[in-house]
Amino acid sequence: MLTNASILITGGTGSFGHTFVPLTLARFNPRRLVIFSRDEMKQWEMAKLYGQDNRVRFFIGDVRDKDRLSRALDGIEYVVHAAATKIVPTAEYNPFECVKTNVLGAMNLIDACIDRGVKRVVALSTDKASSPANLYGATKLASDKLFVAGNAYAGAHNTRFSVVRYGNVMGSRGSVIPYFNSLAETGVLPITDVRMTRFMITLEQAVELVWHSFQDMIGGEIYVRKIPSMSVVDIARAIAPQARHEIVGIRPGEKLHEQMIGEEDAAHTYEYADHYKILPAIHNWSSDPDRIGQGQKVSSDFTYSSDNNLDWMTVTALQEWIAANCGKIGNI
């Protein structure tokens, strides 16, 4: 589907973009892959990685600027929406800015994609959007709803939208693994709560979920990959086995356990071999055979959260992953 296509990724200089771009170039050989973002320095640094590869283009712009989006989308067939204000404390203390990017930016992108005749759009979401306890999660839930409804909003236009939802990206900038790594030599690691658990996913797995979404989507689906959980204490043990743990308490807006599918979505959720799919409750789309495919309906009380997961990552498995990826931890 993406072979010889024109693709644009918003927020493309971030962690996801740095993995999506090279993998997509290698697998699909798109005609054009446009990195749309507002940070010129990040674009400058990223451009050095691709030299004279004329498939890769860079476009300065902000999803808050609908006109600039419209210009960037000229001739684009597929869009990955990765731009967002993502850091929980940043969103809590700068709520207006978070809403402008995560909600108004989503609205701008939906409008611009429909107007420009984009074929398919996949928006990246987060486990924090399920039963949100912080502003970031609330804005991403609103964004998810906008992209789902965008399929009806498109009217007679052929633009289709879907969402992928995943948890903590292992080794990404600002995440717990590089943070604990930076403190390992001090001999003390801060633990918010000994009961805390998180989902764990690699960026490669996240990219594969986006590819699958482009291939599978009819419109309005939320794709949730099956991934392992891990306790924060075990993450600390994997990184610095001898370190003492200092309990510091949960930060504002932080959850004890993350959730990707809540009980309220169970009525519209189907299970597949390596993922779940939440179908839209609107327009009877959740009973559409084409959207359901070979999926099996989950139980009415089903939830998918990091504490009730059946798949758990061990300390040894994380240590092996860290050893294999040590060169890029904190840089992705």
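Over all Cα atoms in the range 91-147, the spread is summed up by Rg and Dmax: 11.9, 37 Å. Averaging the sequence gap over all C-alpha pairs within less than 8 Å and six or more residues apart, then dividing by the number of residues, gives the chain a relative contact order of 16 percent. Which translational diffusion coefficient, to the nearest whole µm²/s, is obtained for the chain from the Stokes-Einstein equation, given a Kirkwood hydrodynamic radius over C-alpha pairs, 37 °C and 0.692 mPa s? The Stokes-Einstein estimate is 161 µm²/s. A Stokes-Einstein calculation at 4 °C with viscosity 1.567 mPa s, built on the Kirkwood radius of the range 29-115 over Cα pairs, returns a diffusion coefficient of 92 µm²/s.
Quick check on the chain: of the DSSP beta bridges with both residues there, what percent are antiparallel, nearest 5%?
Working: 14 of 47 bridges.
In the chain, approximately 30 percent of DSSP beta bridges are antiparallel ones.
Given axes a ≥ b ≥ c from the Cα gyration tensor, I'd like to know whether the range 127-223 is rounded (a/c under 1.5), prolate (a/b larger than b/c) or oblate. Note, shape of the range 127-223 comes out prolate.
Let's see if you can work this out: charge +1 on each Lys and Arg Cβ, -1 on each Asp and Glu Cβ, no other charges. What is the dipole magnitude of the range 47-120 about its Cα centre, in debye to the nearest 20?
Details: 12 positive and 10 negative charges, 47 e Å.
Approximately 220 debye in magnitude.
Using alpha carbons only, what's the Rg to Rh ratio of the range 215-332 with Rh from Kirkwood?
On the way: Rg = 18.2 Å, Rh = 17.0 Å.
Using only Cα positions, Rg/Rh for the range 215-332 is 1.07.
For the range 1-155, report the % of Cα-Cα distances exceeding 28 Å. Summing the P(r) of the range 1-155 above 28 Å gives 18 percent of all pairs. For residue 57 and residue 325, FRET efficiency with R0 = 35 Å and r from the beta-carbon atoms, rounded to 0.05? Step by step, r from the Cβ atoms, then E = 0.80. Residue separation of residue 65 and residue 185 scaled by 0.36 nm, minus their Cα-Cα distance, works out to 38.8 nm of gained length.
Note: relative contact order over the range 93-182, using C-alpha pairs below 8 Å and six or more positions apart, is 31 percent. Where the centroid of each part is defined by its Cα atoms, how far is the range 1-45 from the range 232-258 in Å? So the two Cα centres are separated by 33 Å.
Here the Kirkwood formula puts the hydrodynamic radius of the range 272-332 at 15.3 Å, using every distinct Cα pair.
Just so you know, the averaged projected area of the alpha carbon convex hull for the range 151-273 sits at 9.9 nm².
Over the range 132-243, Cα pairs under 8 Å with separation of 6+ residues give a relative contact order of 35 percent.
Using only the Cα atoms of the range 180-247, what semi-axes does the equivalent ellipsoid have when each is the square root of 5 times a gyration tensor eigenvalue? Give whole Å, largest first.
On the way: eigenvalues 243, 31, 13 Å².
Its equivalent ellipsoid spans semi-axes of 35, 12, 8 Å.
Largest first and in whole Å, the equivalent-ellipsoid semi-axes of the range 7-71 read 19, 13, 11, each the square root of five times a Cα gyration tensor eigenvalue. Estimated from helical segments only, the mean residue ellipticity of the chain at 222 nm is -10000 deg cm²/dmol, where each DSSP H run of four or more residues counts as -39500 (n - 2.57). Across the range 78-122, Cα-Cα distances exceeding 13 Å account for 57% of all pairs.
Over the range 214-284, the reciprocal of the mean inverse Cα-Cα separation, the Kirkwood hydrodynamic radius, stands at 15.6 Å.
Laboratory data are not the source of any read-out in this text; all were calculated from the coordinates shown. Fair warning: this is a prediction, and the values are worked out from it, not measured in the lab. Methodologically, a virtual Cβ is constructed for each residue, glycine included, from the backbone with ideal geometry; neighbour enumeration extends over all protein chains shown.
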